[in-house]
């Protein structure tokens, strides 16, 4: 997942740097004026991923180390956490493209260091809010008041000085202004002291907390009852996606990115070039399959023994997955409707990519069910050890995105958009109509390799 | 019911299972005992086709388990957490298993009702996913799910593990009753000699993958034999350790 985010950030950083070429204002000035928005996004993004030092203190509490030292150590560790540097995947390529020509490499360096320090400040600000919110829920009003106040300061006046202040801060970092750096360091230090004081008092409260494991609402998905055993496996797949951290994070990520791309494509001119439009269409349709099907059977590795001790359960599972993810293609399709309505995309193009993805792309990805044999921990933390894909998994995932993109370019330049769409529809339809046959084939090949796979799943289970 | 023919499984150089011929008849209740690493779980995995044998085969009702899946419809098993879908609630899991064997919800409910005492009000209606249950309750969920479709062959690995004394007593009673009423073949493994002797009329003693004794346990007659074996093993080990220390 981290690699995906890094990829997105590099992509966005690079495209943003070029987005204002030829304009009166430089792209780094635009970005600097919106630094507060970056901090707000960073703040929100920390909620699902970041643990509080008070939550991490438990394994160390019996060690012969003073409590103050322990909290200092955990606060330092939190400050140095790689998560605070993830925005550099956005800022470094952005700065290299947009800042070097004005301020040289030194400007890039000081700017990136400054951004990293600001993210560390944001880290401690998040820890403070999160700790207080853990105590009393009404503390949620603190970040709301702060961000709401800033938003009001930015948007209510006709010409807000806050934008200028934000631009000045960014410029100061680029120029290596020592006062700007000292100010940030002082702000970090103040935030550190506040966190330290509050956490010292709350360590035992946190340790004594009992996690509420009750499920508030158990979804039945009764409409799947009519589909027999395959429907039962579809129900299982839905629960897999919605009840486990790793799948939920992947689902959130993919929806966020597809929605983002669709909105940008529909309502701005940023990606109006033919190449970028094609890229986004292919990406939006293929990413669902890549994210969930490239780890096909790896989630099931957690309970593979149970599945394998029941007759033909793997075949029904594969059929259920195919049906469910085919239906899921409707999601990017629906999200592309604004782009169709605004005339940025042709309806036929979207239909052809939806059919091609369900047919050809899924056919390629389902082959991984035969070869995947590493269990993915369904509730692993972001920082935990993960069984990331092997060479073949990455190769097929890369090919399922790269090959259609290449095919699209070749067909478009040779036979035109209309014929391309119909070619994709025909290819996709052939694979869809023969899906029962090739799913059975995947199942037979899986069964042939079952001992090797089961051993792999068992060995990699955590 | 089950025939083991020249079955061998090695992990590296170590032989985990090496059984020339062993037959378990329909309706028998067999206890598998042996020290850690004796090969009990490996033997179960081989019977359930979850491991590839290096040599030989296992047949259930004359079906070679590695060649056909037909035996799965009348077999139920629980070995470890790898059998549980832990993001389901127990109710959802039971209904899922039931559906796999063509059981309706009402039938599943009726069958679960027979385990009411065993569950002791701690399993059903808890609104918790299986992953949030205690080890003992997970064990109960696994055992019930293996018995839900009333299989003719039931295999349970260490069924008494994690269970409180009352639940251990109830499961012993349930297994005996199940064996008698359904004339089902039941195979359990356990480190608890008392329980095994109480429940199983036939006991196989496993050592380094080999069945070294096949004991007919009439009126708990196997108890002394087994105790003698395990005590002697421990005494021998202590003696060996002492000799090494003295050297």
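Please indicate, with yes or no, whether at least one residue in region A:89-110 is within 21 Å of residue A:124 (Cβ to Cβ), out of contact with any strand residue (DSSP E or B) (no Cβ under 6 Å at 6 or more places or on another chain) and surrounded by fewer than 15 Cβ atoms within 10 Å (Cβ to Cβ).
No, every residue in region A:89-110 fails to be within 21 Å of residue A:124 (Cβ to Cβ), out of contact with any strand residue (DSSP E or B) (no Cβ under 6 Å at 6 or more places or on another chain) and surrounded by fewer than 15 Cβ atoms within 10 Å (Cβ to Cβ).
Mind checking whether some residue in region B:4-16 is within 14 Å of chain A (Cβ to nearest Cβ), touching a residue at least 12 places away in the same chain (Cβ under 8 Å) and closer than 30 Å to residue B:107 by Cα?
no
Out of all the residues in region A:75-91, which are farther than 21 Å from residue A:16 by Cβ and without any contact (Cβ under 8 Å) to a residue 40 or more places away in the chain?
Of everything in region A:75-91, those that are farther than 21 Å from residue A:16 by Cβ and without any contact (Cβ under 8 Å) to a residue 40 or more places away in the chain turn out to be A:76, A:77, A:80, A:82.
What's the number of the condition residue B:3 fails, among (1) crowded, with 21+ Cβ neighbours inside 10 Å; (2) at pLDDT 95 or above?
(1)
Could you list, in sequence order, the residues of region A:228-241 that are more than 9 Å from chain B (Cβ to nearest Cβ) and either part of a loop (DSSP other than H, G, I, E, B) or free of Cβ contacts under 8 Å to residues at least 60 places away in the same chain (or both)?
Selection gives A:241 alone.
Scan region B:124-162 for residues that are assigned to a loop (DSSP other than H, G, I, E, B), crowded, with 21+ Cβ neighbours inside 10 Å and more than 12 Å from chain A (Cβ to nearest Cβ) and jot them down.
B:159, B:160
Looking at region A:311-318, can you tell me whether even one residue there is under 26 Å from the mean Cα position of the chain (by Cα) and away from every other protein chain (no Cβ under 14 Å)?
Looking through region A:311-318, at least one residue is under 26 Å from the mean Cα position of the chain (by Cα) and away from every other protein chain (no Cβ under 14 Å).
What residue, among those in region A:343-358 that are part of a helix (DSSP H, G or I), in contact (Cβ under 8 Å) with a residue 40 or more places away in the chain and surrounded by fewer than 23 Cβ atoms within 10 Å (Cβ to Cβ), is farthest from the other protein chains (Cβ to nearest Cβ)?
Only one residue tops the list, namely A:348.
Inspect region A:381-391 for any residue being at pLDDT below 90 and either within 14 Å of another protein chain (Cβ to nearest Cβ) or within 30 Å of residue A:350 (Cβ to Cβ) (or both) and give the result as yes or no.
There is at least one residue in region A:381-391 that is at pLDDT below 90 and either within 14 Å of another protein chain (Cβ to nearest Cβ) or within 30 Å of residue A:350 (Cβ to Cβ) (or both).
Got a number for residues in region A:291-321 being in a helix (DSSP H, G or I), modelled with pLDDT under 90 and surrounded by fewer than 23 Cβ atoms within 10 Å (Cβ to Cβ)?
Of the residues in region A:291-321, 3 are in a helix (DSSP H, G or I), modelled with pLDDT under 90 and surrounded by fewer than 23 Cβ atoms within 10 Å (Cβ to Cβ).
Collect the residues in region B:32-60 that are surrounded by fewer than 19 Cβ atoms within 10 Å (Cβ to Cβ) and in contact with a helix residue (DSSP H, G or I) (Cβ under 6 Å, 6 or more places away or on another chain), keeping them in residue-number order.
The answer is B:52, and nothing else.
Any chance region B:179-186 includes a residue that's modelled with pLDDT of 95 or more, outside the structural domain of residue B:91 (by TED's automatic domain parsing) and assigned to a strand (DSSP E or B)?
Within region B:179-186, one or more residues are modelled with pLDDT of 95 or more, outside the structural domain of residue B:91 (by TED's automatic domain parsing) and assigned to a strand (DSSP E or B).
Against the definition (buried (at least 20 other Cβ atoms within 10 Å of the Cβ) and in the same structural domain as residue A:26 (by TED's automatic domain parsing)), how does residue A:158 come out, yes or no?
no
Quickly run through region A:261-287 and pick out the residues that are assigned to a helix (DSSP H, G or I) and surrounded by fewer than 15 Cβ atoms within 10 Å (Cβ to Cβ).
A:263, A:267, A:274, A:275
If a residue has to be loosely packed, with under 15 Cβ neighbours inside 10 Å and over 30 Å from residue B:51 (Cβ atoms) to count, how many in region A:410-462 make the cut?
14
I need the full set of residues from region B:87-99 which are touching a residue at least 24 places away in the same chain (Cβ under 8 Å) and surrounded by 21 or more Cβ atoms within 10 Å (Cβ to Cβ), in order please.
Answer for region B:87-99, where residues must be touching a residue at least 24 places away in the same chain (Cβ under 8 Å) and surrounded by 21 or more Cβ atoms within 10 Å (Cβ to Cβ): B:87, B:88, B:89, B:90, B:93, B:94, B:97, B:98.
For residue A:377, which of the numbered conditions (1) within 14 Å of chain B (Cβ to nearest Cβ); (2) within 25 Å of the chain's Cα centre (by Cα); (3) at pLDDT 90 or above fails to hold?
Every listed condition holds for residue A:377 apart from (3).
List the pairs whose first member sits in region B:120-133 and is assigned by TED's automatic domain parsing to the domain that holds residue B:168, whose second member is surrounded by fewer than 19 Cβ atoms within 10 Å (Cβ to Cβ), and whose Cβ atoms are under 7 Å apart, counting only residues at least 6 apart or on separate chains?
Short answer, once both residue conditions are applied: none.
Please go through (1) within 10 Å of another protein chain (Cβ to nearest Cβ); (2) loosely packed, with under 15 Cβ neighbours inside 10 Å for residue A:223 and return the number of the only condition it doesn't satisfy.
Of (1) within 10 Å of another protein chain (Cβ to nearest Cβ); (2) loosely packed, with under 15 Cβ neighbours inside 10 Å, only one is false for residue A:223: (1).
The values are calculated or read from the model by the stated rules, or taken from the named source; none is laboratory data. Remember, predicted model here, so these are calculated numbers, not experimental data. Heads up, the Cβs are rebuilt from the backbone with ideal geometry, glycines too, and the neighbour counts pull from every protein chain shown.
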